[in-house]
Amino acid sequence: QVQLVESGGGLVQPGGSLRLSCAGSGIVFRHYFMAWYRQAPGKQRELVASISIGGGSTDYADFVEGRFIISRDNAKNTMWLQMYDLKPDDTAVYYCTAPRSNYWGQGTQVTVSS
C-alpha cells in the first residue's frame with residue numbers, strides 16, 4: 001500500500017521559514033515524478049512545485065517568487081520543500097503527491113501569522 005506522509009508544518013510568523021518533508025512507503029520514489037500542492041480555505045488546490053524523477057529538473061508556481069526550494073533523495077524515499085520568507089497568503093494545507101499516479105499524502109498545515 002502506497003503511503004506518502006508529510007511533516008514539518010506549523011505556525012510561523014511572516015518572514016519565517018519552514019521545511020516540509022514527505023516520506024514515502026510502498027513506493028519506489030525513483031520511479032515517480034513528484035510535486036507539492038497546497039489548498040487554502042475556500043480555494044482550489046494548486047501546484048506549488050514539482051521535481052523530475054532524478055531531481056535534476058524543478059518547476060515552481062509564479063507565486064513562489066524564488067522563496068521555496070523543492071528537493072528529493074530517492075535513496076531515502078523522501079522529498080522536501082524548503083520555504084523561506086513565508087507570507088500570510090502561504091497559509092494552506094500542503095500536500096505531497098506523485099500526481100501522475102494520483103498518490104497523495106494527508107497534508108500538513110502551514111499557518112503564517114503574527
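The values are calculated or read from the model by the stated rules, or taken from the named source; none is laboratory data. For clarity, every value in this text was computed on a predicted model and none was experimentally measured. Virtual Cβ from ideal backbone geometry, glycine too; neighbours counted across all protein chains shown. Ligands, DNA and RNA are excluded from the accessible area calculation, which covers all protein heavy atoms including side chains. Shrake-Rupley method; radii C 1.70, N 1.55, O 1.52, S 1.80 Å.
Looking at ASP85, ASP59, which is the one that is among the acidic types (Asp, Glu), at pLDDT 95 or above and assigned to a strand (DSSP E or B)? Can you show your working first?
Details: ASP85 fails: assigned to a strand (DSSP E or B).
ASP59 is the lone residue from the list that is among the acidic types (Asp, Glu), at pLDDT 95 or above and assigned to a strand (DSSP E or B).
Do we find a residue being touching a residue at least 60 places away in the same chain (Cβ under 8 Å), part of a strand (DSSP E or B) and not aliphatic (A, V, I, L, M) anywhere in segment 63-80? Don't jump to the end; show me each part of the working.
The first filter runs over segment 63-80 and keeps only residues touching a residue at least 60 places away in the same chain (Cβ under 8 Å), leaving 80.
Filter once more, so that each one left must be part of a strand (DSSP E or B): 80.
With not aliphatic (A, V, I, L, M) added as a condition, the list becomes 80.
Yes, segment 63-80 contains a residue that is touching a residue at least 60 places away in the same chain (Cβ under 8 Å), part of a strand (DSSP E or B) and not aliphatic (A, V, I, L, M).
When you check ILE53 against the structure, is it assigned to a loop (DSSP other than H, G, I, E, B), touching a Phe, Trp or Tyr at 6+ places or on another chain (Cβ under 9 Å) and under 26 Å from GLN1 (Cα atoms), yes or no?
Numbers: assigned to a loop (DSSP other than H, G, I, E, B): yes; touching a Phe, Trp or Tyr at 6+ places or on another chain (Cβ under 9 Å): yes; under 26 Å from GLN1 (Cα atoms): yes.
Yes; evaluated as a whole, the condition is true for this residue.
Name every residue in segment 38-53 that is hydrophobic (A, V, I, L, M, F, W, C), more than 16 Å from ASP90 (Cβ to Cβ) and surrounded by 15 or more Cβ atoms within 10 Å (Cβ to Cβ), in order of residue number. Working first, answer last.
So in segment 38-53, the residues hydrophobic (A, V, I, L, M, F, W, C) come out as 40, 47-49, 51, 53.
Right, trim to more than 16 Å from ASP90 (Cβ to Cβ) and you get 51, 53.
Result: ILE51, single match.
Look through segment 27-37, keep the residues that are more than 17 Å from GLY8 (Cα to Cα) and outside any loop (DSSP other than H, G, I, E, B), and return whichever of them is most open to solvent (accessible area, probe 1.4 Å). Reasoning before the result, please.
To start, the set of residues in segment 27-37 that are more than 17 Å from GLY8 (Cα to Cα) comprises 27-34.
Checking the rest, the ones that are also outside any loop (DSSP other than H, G, I, E, B) come to 29-31, 34.
On the way: PHE29: 0, ARG30: 142, HIS31: 114, MET34: 0 Å².
That would be ARG30.
For GLY107, indicate whether it is in contact with a strand residue (DSSP E or B) (Cβ under 8 Å, 6 or more places away or on another chain), at pLDDT below 95 and open to solvent by less than 50 Å² (accessible area, probe 1.4 Å).
No; evaluated as a whole, the condition is false for this residue.
Do the conditions hold for VAL93, that is, is it open to solvent by less than 30 Å² (accessible area, probe 1.4 Å) and at pLDDT 95 or above?
On the way: open to solvent by less than 30 Å² (accessible area, probe 1.4 Å): no; at pLDDT 95 or above: yes.
Taking the combined requirement at face value, the residue does not satisfy it.
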